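Since the structure comes first, as structure tokens, the remarks are kept for the end.
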């Protein structure tokens, strides 16, 4: 039994000395800590993101005078001190394309194996561990591998092909992991329904699983492209070189490198411009950096928007 | 009749095709294991002669003294009179720059992971996650360029150091580079803690911050540790950014503004100039083996730590 108090102020909301629901000193301190922590953590997060925007802005401002269509379409001239970035840009394009042709089929099939065929045993766990570790191998060790395996052992020499293969090995884990995840997102019931119709494992994969996960797989492939386009160390000793004279006009300007030729690459070009050649106008260096970063971010943004788009129209 | 035969033929082809395709899938599935072995093997083959003895010149026989290799700071691979192959200075450089980077990246990265996972909500959370993903996509050569062109003058202005490309510069750049992986793996680890833990703590009257450091940190400590380890792995293996930002001086640093040289940068800087097949060239592959072993160990530990939580979660 609660006796009704004589004092009309007791229990009145908002009266600190009587309010039954008023915050105690402990609670008040908690609330303050909470607010402080929230702001500190928000500040920390901003501290990570804002400098990047500052840096991007800085690069863009410095590069602005050189960023013209001609800069993209011209070849480097006069020991890189003038002209544009056409030859390295085409080189990067071919490096990425060939590495994609090598890595995408292998990576997608490996993802299919891991998600659709592999049983949960020690061997599969070892394969998964190997994928993780392959992703963690330093890029310069990949370069050494490329030199040992492709340039010397396979006899490719320092060439576009050797560099592309090295890039393919390096970016393989990206494709494997994302394919596996895309396949895992397809509900088991889809497969079971198909098996009940008498379809074999591969028929199920081909007609049900792959069509339902193709966009997720594509996202992974696009991320591979972005990663391969930005890498420098693996191509440094396997095929990318300082300078290759490339035709300025016509058909040859679009296909300047054969598979066995050495090529230029945008990332390598940025390295050369900023550390190896003296007297390069600053805006050319900055513009090269901006084009490289713009390419990579654009490709990534494409992958992310594809993923977001997918999530909104998923049927299950 | 022909149609019927074709139908049978098609069915037979399909029946044969399926095992072929499945075999191919299996082969590709094993590719990761094969490649990890191949990487070790091919780097080892190039390094082996110097480890087990090789001829270096007409009369000379050279075999790398491993004790001297790890304990000496004398790195003079091209010296005509007495070449020195001691990687201690580079080892210390790698450890110093990685440690410095982690000193900045771990508190910031875990703080941001907590904010993204526990404090930010809805649109803000999605936006932050996408931004951090984009941060991870910036190529290392661009980070190196930023360190070389932008951070370097800033450091010279702030500290009065004679050169801006040094330990501090490398540390800052590496910290920014390894933060995204720490944030995303750390956020995954926090997300993996069941909501019932949070609800139980809330019911006991805990504030959000109390939940984070009394409930989530202990519950997710393995995942957070894995996040840090993966960050360390990335920092140790980073090549182009440190090559451009750390100043490339083979010495043991005594202050934050001393230029240093890392193991990765040594390979990148010297492999192009080393004569193929000679001692210097092969010693660089030995450094590659060391790097492979270290990052392999770090990644393996991180993976086992994560496996540990997964098994606990199932139990």
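Measuring nothing but how far apart in sequence close Cα pairs (under 8 Å, 6+ apart) lie, relative to its length, the range B:160-295 scores a relative contact order of 31 percent. Peptide A:108-118 is shielded by partner chain Cβ atoms: per residue, an average of 5 of them sit within 10 Å of its Cβ. Of the beta bridges in the protein assembly as shown, as assigned by DSSP with both residues counted there, near 75 percent are antiparallel. The mean count of C-beta atoms from other chains within 10 Å of the C-beta of residues in A:280-292, rounded to a whole number, is 2. With contacts taken as Cα pairs under 8 Å and at least 6 residues apart, chain B reaches a relative contact order of 22 percent. Working note: 222 nm ellipticity from helices only, DSSP H runs with n ≥ 4, each -39,500 (n - 2.57), summed and divided by the residues of chain A, gives -20500 deg cm²/dmol to the nearest 500.
The C-alpha atoms of chain A define a longest principal axis, and helix A:122-136 lies at about 70 degrees to it. Which of the three applies to the protein assembly as shown, rounded, prolate or oblate, going by the alpha-carbon gyration tensor with a ≥ b ≥ c and a/c under 1.5 meaning rounded? Here the protein assembly as shown falls in the oblate category. Please determine, in degrees from 0 to 90 and to the nearest 10, the orientation of helix A:160-184 with respect to the longest principal axis defined by the Cα atoms of chain A, where the helix direction is its Cα long axis. Once rounded, the angle reads 30 degrees. Pair-distance distribution of chain B: all C-alpha pairs, bin width 20 Å, starting at 0; shares per bin in whole percent are 25, 45, 23, 6, 0. Between residue A:125 and residue B:293, the FRET efficiency from the beta-carbon distance, with R0 = 30 Å, is close to 0.90. Can you classify the range A:34-103 as rounded, prolate or oblate using the Cα gyration tensor, where a ≥ b ≥ c are the square roots of its eigenvalues, rounded means a/c under 1.5, and otherwise it's prolate if a/b beats b/c and oblate if not? Because a/c hits 1.5 or more and a/b fails to exceed b/c, the range A:34-103 counts as oblate. Over chain B, DSSP H runs of length four or greater, each weighted -39,500 (n - 2.57), average out per residue to a 222 nm ellipticity of -23000 deg cm²/dmol.
Restricting the calculation to Cα atoms, the range B:210-295 yields a radius of gyration followed by a Dmax of 18.1, 61 Å. Inter-chain neighbour count for B:45-52: the average number of beta-carbon atoms from partner chains within 10 Å of each residue's beta-carbon is 2. Across chain A, C-alpha contacts under 8 Å between residues 6 or more apart give a mean separation that, scaled by the residue count, equals a relative contact order of 24 percent. Quick check: from the Cα gyration tensor, does chain A come out rounded (a/c under 1.5), prolate or oblate? Judged from the Cα gyration tensor, chain A comes out oblate (a/c at least 1.5, b/c at or above a/b).
Placing a label point 7 Å from the Cα of residue B:206 along the Cα-to-Cβ direction, the residues of the range B:99-119 whose backbone N falls under 14 Å of that point are B:118.
Taking other Cβ atoms within 10 Å as a rough exposure proxy, B:16, B:28 sort from fewest to most as B:16, B:28. Residues B:195, A:74 in ascending order of nearby Cβ atoms (within 10 Å, fewest first): B:195, A:74.
Listed from fewest to most Cβ neighbours within 10 Å, the set A:241, B:275 follows the order B:275, A:241.
We did not get these values from a lab; they are worked out from the coordinates using the rules stated. Just so we're clear, the structure is a prediction, and the values are computed from it rather than from any experiment. Cβ atoms come from the backbone with ideal geometry, glycine included; neighbour counts cover every protein chain shown.
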